[in-house]
Amino acid sequence: MSMIALMGALEIGLVFALVALGVLISFRILNFPDLTADGSFPLGGAVAATLIAGGHDPYTACLIAMLAGAAAGWCTAWLNVRLNILQLLSSILVMIALYSINLRIMDAPNVPLIGAPTVFSPLIGDDFESSWLVQPAVLAAVVIAAKLLLDVFFASQAGLAMRATGANPRMARAQGISTDRMTLAGMALSNALIALAGALYVQTQGGADISMGIGTIVVGLAAVIIGETLIPARSLWVITLATVLGALLYRVMIAFALNAEFIGLAAQDLNLVTALLVGFALVLPLLKAKANAARGRTA
Amino acid sequence: MLAAHNLTKTFNPGTPIENPVLRGLSLTIESGQFVTVIGSNGAGKSTFLNAISGDVVPDSGTLAIDGQDVTRLPSWQRAGLVARVFQDPMAGTCEALTIEENLALAWQRGQKRGLGPAVKKAQRELFRDKLSTLKLGLENRLADRMGLLSGGQRQAVSLLMASLQPSRILLLDEHTAALDPKTAAFVLELTDRIVHENKLTTLMVTHSMRQALDHGERTVMLHQGRVVLDVDGDARARMQVADLLSMFEKTRGETLDDDALLLG
Ligand SMILES: Nc1ncnc2c1ncn2[C@@H]1O[C@H](COP(=O)(O)OP(=O)(O)OP(=O)(O)O)[C@@H](O)[C@H]1O
Ligand SMILES: [Mg+2]
């Protein structure tokens, strides 16, 4: 695999590291199985692409994309905590609704951004020579900042309250925590991160497409699972680190699998490979336990 | 002061499994009083405690704490008034969080939570001091996950958590039921100490007649969602476990008779 191809894989891996951090918040911290990602990722992309194509500043576009994602996550949580709709179902409703909303925002199935200014432009020369290096570098900075901010937040009073909400809601309420508000806030935070990923993604790919969200949640979950399988940890800053590494590793593995000619895989096999990979990551702890048990018997 | 007036609660109303659990329960407890609560399975003891904590909303009746009507206040909004320890050692703490994180959650019970660090250095010292009074060696295990502790250790920490912040009412629902006799005795002793030191208004549910008479200064018996016995002072001091048991059997016998009549 060439250097450029590897950097390309890392670039997408970094985008999905943000998705994975969002998924970590919903699935693992709030214990809220949330499929909104498949709608909030393209929502972020649609908002950012439309604004940038309309001549707006790309940084403002990212910020507004995050707010839109936060609103989407808030809606999913609201359907659950206020209307008592099952978590999974709430998120599917919002995800489906977002498909129409995204089409409305873009006003077309896709919005090209060829030649438009992006958050990366100030650091890339006019000849676009250095973009293969600058884009992953900027994304890495964003991901590291997001990871560190989350670490600080989850060590704060409000962050601890959010973790208690997911871990033991009854106990959390007994300690005076409004679990409803925490769920609303946490889901908004989760989907704001996922929408930011979508906003950055369209700027690396040169445009937004209505179908760009398909499978987002599976990839995010894959990253979380790979991370926690490879680096089983209890303390949160290690868990966020593992999640980021999981996302990177996932994309690099995919790139290798698709690039290795002797395996004979093509781009259309991506989802199959993902499913196999997630499946493998899911049974890995079981295999490990079995291996340990076998060792225990012989010892 | 806790004032419950004519509380009623029916689970699954209007269905074949309709279950009237509280049927006009009234009880007033003075500030600082330690009351033990007994009653057969299904008498409504836990439901009553859940109504006080806000986990169950009564169908009718009123509930006031220190004169403030809390009948319909959500549980998280009255956490500053009510502290509780659950029967299940898992229920009162977060096993995925560390001991100090659990204590930090309780340290802020009923208060606003901001973006400041959850555990500050001064608090860590305080937690360590408090934990050392348990004499379980937990003061050296602040960073251990709660899930690593035994049931008895968790209940001891739960009690400590309930007393970190002042509250008006302490609710203990069979909080020693899941423990072996020795650990149960230890947790009960700790309960007496914490209640006494903090002058807490306390309701303790127990299935042990011995505990009901040995702890606190007043005993009430619930039956079919009502108070059927309420003793304190001399009458209670003279009471033996056998007396209480026979009264307990009598109320249960009455229900059997009622049922027999209905069936007959
Ligand atoms: N949330 C609920 N929904 C439906 N029924 C309930 C609910 N909570 C309690 N009940 C029923 O109410 C009745 C009284 O329960 P409660 O837990 O108050 O009894 P208890 O006096 O605490 O009994 P025990 O000594 O067994 O703990 C039981 O029949 C129980 O099944
Ligand atoms: Mg009970």
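Points to keep in mind about this one:
- Residue list for the stretch B:147-177, filter: within 16 Å of ligand 2 (Cβ to nearest atom) and touching a strand residue (DSSP E or B) at 6+ places or on another chain (Cβ under 6 Å): B:171, B:172, B:173, B:174, B:175
- The sole residue among A:270, A:265, A:241, A:258 that is buried (at least 18 other Cβ atoms within 10 Å of the Cβ) and either in contact with a helix residue (DSSP H, G or I) (Cβ under 7 Å, 6 or more places away or on another chain) or part of a helix (DSSP H, G or I) (or both) is A:258.
- Segments classed as strands (runs of 3 or more DSSP E), wholly inside the stretch B:185-251, with at least 3 members that are charged (D, E, K, R): B:226-232
- Of residues in the stretch B:54-72 being within 15 Å of residue B:4 (Cα to Cα) and surrounded by 16 or more Cβ atoms within 10 Å (Cβ to Cβ), the one nearest to the other protein chains (Cβ to nearest Cβ): B:54
- Number of positions in the stretch B:8-20 that are open to solvent by less than 50 Å² (accessible area, probe 1.4 Å) and either within 16 Å of ligand 2 (Cβ to nearest atom) or within 14 Å of chain A (Cβ to nearest Cβ) (or both): 1
- Lone qualifier among B:23, B:113 - being outside any strand (DSSP E or B), more than 16 Å from ligand 2 (Cβ to nearest atom) and over 15 Å from the mean Cα position of the chain (by Cα): B:113
- Some residue of the stretch B:98-110 being more than 14 Å from chain A (Cβ to nearest Cβ), within 19 Å of the chain's Cα centre (by Cα) and either away from ligand 1 (no atom under 15 Å from the Cβ) or surrounded by 21 or more Cβ atoms within 10 Å (Cβ to Cβ) (or both): no
- The residues listed here are B:93, B:71; of these, the one that is in contact (Cβ under 8 Å) with a residue 40 or more places away in the chain, hydroxyl-bearing (Ser, Thr, Tyr), assigned to a loop (DSSP other than H, G, I, E, B) and away from ligand 1 (no atom under 13 Å from the Cβ) is B:93.
This table checks each residue for (1) within 30 Å of residue A:6 (Cα to Cα); (2) in contact with an Asp or Glu (Cβ under 8 Å, 6 or more places away or on another chain); (3) open to solvent by less than 40 Å² (accessible area, probe 1.4 Å).
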site	(1), (2), (3)
A:125	yes, no, yes
A:129	yes, no, no
A:137	yes, no, no
A:141	yes, no, no
A:144	yes, no, no
A:148	yes, no, no
A:153	no, no, no
A:162	no, no, yes
A:166	no, no, yes
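- Some residue of the stretch A:99-115 being more than 14 Å from chain B (Cβ to nearest Cβ), open to solvent by 20 Å² or more (accessible area, probe 1.4 Å) and closer than 19 Å to residue A:19 by Cα: yes
- Within the stretch B:124-135, the set of residues being within 17 Å of residue B:93 (Cβ to Cβ) and open to solvent by less than 60 Å² (accessible area, probe 1.4 Å) comprises B:127, B:131, B:134.
- Tallying residues that are hydroxyl-bearing (Ser, Thr, Tyr), outside any helix (DSSP H, G or I) and buried (at least 24 other Cβ atoms within 10 Å of the Cβ) within the stretch A:173-231 yields 0.
The values are calculated or read from the model by the stated rules, or taken from the named source; none is laboratory data. Since this is a predicted model, take the numbers as computed values, not measurements. Heads up, the Cβs are rebuilt from the backbone with ideal geometry, glycines too, and the neighbour counts pull from every protein chain shown. Keep in mind that these areas ignore ligands, DNA and RNA; they rest on the heavy atoms of the full protein, side chains included. Shrake-Rupley method; radii C 1.70, N 1.55, O 1.52, S 1.80 Å.
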